[in-house]
Amino acid sequence: MKTRIAIIDDHQLFREGIKRILEFEGDFEVVAEGSGGSEALSIVETHRPDLVLMDINMPDINGVEATKQLIEAYPDTKVVVLSIHDDENYVMRALQTGATGYLLKEMDADTLIEAVRVVAEGGSYLHPKVTHNLIREYRRLAMEKRGGAVKREVRRPFHLLTRRECEVLQLLAYGKSNRAIGEALCISEKTVKNHVSSILQKLNVNDRTQAVVVAIKNGWVEVR
């Protein structure tokens, strides 16, 4: 079964690029395209995609409002927001409306494909740079709650993860993509994906963002 995808973005060239990348994969099918948030509901009603890629900045109805309307009408439809903004306020607004993914338009093809697969399978996905910003904000708020910047000693979870998995987890906390992690550790991107899958399973979480949050709460990683 192919994942049926709709793309809502007011830039035709960008839509065409996204479509080419996705349809090069054998398990994706772009079933509809739209140029504005006002079209989202009718497109989903007509084509019933499994997943919608939704631009956040559009001239009629913005992506956040369109996502809210879409999720209210079709709660089973998954939405991944596409944005140029990495500010945590934009991210939180998108997630609060029901989006299960948030990608920056500076993403590479591998990140797009990975995100669509993760969300289609029931997980959530945040662009690595967005994850880093959210984690940094979470750490700031946690420090304020504790009454100041108290430096915590990092205790690697060697009781749960291998040494290499601990290295990968640390780089996830730094907001690195799979490709960047592979380059930093001199391993293939496929090997990185295998390590990330193992980390998620061992920590009993659904996605890399949850893994990093768990790691920070337990003092397993540094955050900069």
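The values are calculated or read from the model by the stated rules, or taken from the named source; none is laboratory data. Predicted model only: the values in this text are computed from it and were never measured. Neighbour counts run over all protein chains shown; Cβ positions are idealised from the backbone, glycine included. All accessible areas refer to the heavy atoms of the entire protein, side chains included, with ligands and DNA or RNA removed. Shrake-Rupley method; radii C 1.70, N 1.55, O 1.52, S 1.80 Å.
Listed here are the residues, each with its yes/no results for (1) modelled with pLDDT of 90 or more; (2) outside the structural domain of Val192 (by the TED database).
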position	(1), (2)
Tyr102	yes, yes
Lys105	yes, yes
Leu112	yes, yes
Val116	yes, yes
Leu126	no, yes
Leu171	yes, no
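Checking Asp108, Asp50 one by one, the residue that is touching a residue at least 12 places away in the same chain (Cβ under 8 Å) and surrounded by 15 or more Cβ atoms within 10 Å (Cβ to Cβ) is Asp50 and no other.
Gly17 fulfils the conditions (1) closer than 22 Å to His85 by Cβ; (2) buried (at least 17 other Cβ atoms within 10 Å of the Cβ); (3) within 22 Å of the chain's Cα centre (by Cα) except for a single criterion, (2). So in segment 57-97, with the set limited to residues that are touching a helix residue (DSSP H, G or I) at 6+ places or on another chain (Cβ under 7 Å) and under 16 Å from Val118 (Cα atoms), which one is surrounded by the fewest Cβ atoms within 10 Å (Cβ to Cβ)? Within segment 57-97, the match that is surrounded by the fewest Cβ atoms within 10 Å (Cβ to Cβ) is Thr77. Would you confirm whether any residue within segment 7-14 is in contact with a helix residue (DSSP H, G or I) (Cβ under 8 Å, 6 or more places away or on another chain), open to solvent by less than 70 Å² (accessible area, probe 1.4 Å) and assigned to a strand (DSSP E or B)? Yes: segment 7-14 contains one or more residues that are in contact with a helix residue (DSSP H, G or I) (Cβ under 8 Å, 6 or more places away or on another chain), open to solvent by less than 70 Å² (accessible area, probe 1.4 Å) and assigned to a strand (DSSP E or B).
A count restricted to segment 199-224 and to residues that are more than 17 Å from Ser124 (Cα to Cα) and either basic (Lys, Arg) or open to solvent by less than 40 Å² (accessible area, probe 1.4 Å) (or both) stands at 9.
If we scan segment 128-143, do we find a residue that is open to solvent by less than 20 Å² (accessible area, probe 1.4 Å) and either among the acidic types (Asp, Glu) or modelled with pLDDT of 90 or more (or both)? The answer is no; no qualifying residue exists.
Taking the numbered list (1) within 17 Å of the chain's Cα centre (by Cα); (2) more than 20 Å from Ala109 (Cα to Cα); (3) at pLDDT 90 or above; (4) not polar (S, T, N, Q) in turn, Ile181 passes all entries but (2).
Return a yes/no flag: does segment 1-17 have any residue that is closer than 21 Å to Val118 by Cβ, at pLDDT 90 or above and of a type in the set (S, T, N, Q). Among the residues of segment 1-17, at least one is closer than 21 Å to Val118 by Cβ, at pLDDT 90 or above and of a type in the set (S, T, N, Q), which makes the answer yes. Taking the criterion of being closer than 16 Å to Glu106 by Cα and among the aromatic types (Phe, Trp, Tyr), would at least one residue in segment 70-77 satisfy it? No; the residues of segment 70-77 include none that is closer than 16 Å to Glu106 by Cα and among the aromatic types (Phe, Trp, Tyr).
Can you pull out the residues in segment 15-25 that are free of Cβ contacts under 8 Å to residues at least 24 places away in the same chain and assigned to a loop (DSSP other than H, G, I, E, B)?
Phe24
Exactly one residue out of Ser42, Ser38 is of a type in the set (Gly, Ala, Ser), surrounded by fewer than 18 Cβ atoms within 10 Å (Cβ to Cβ) and closer than 17 Å to Arg4 by Cβ, and it is Ser42.
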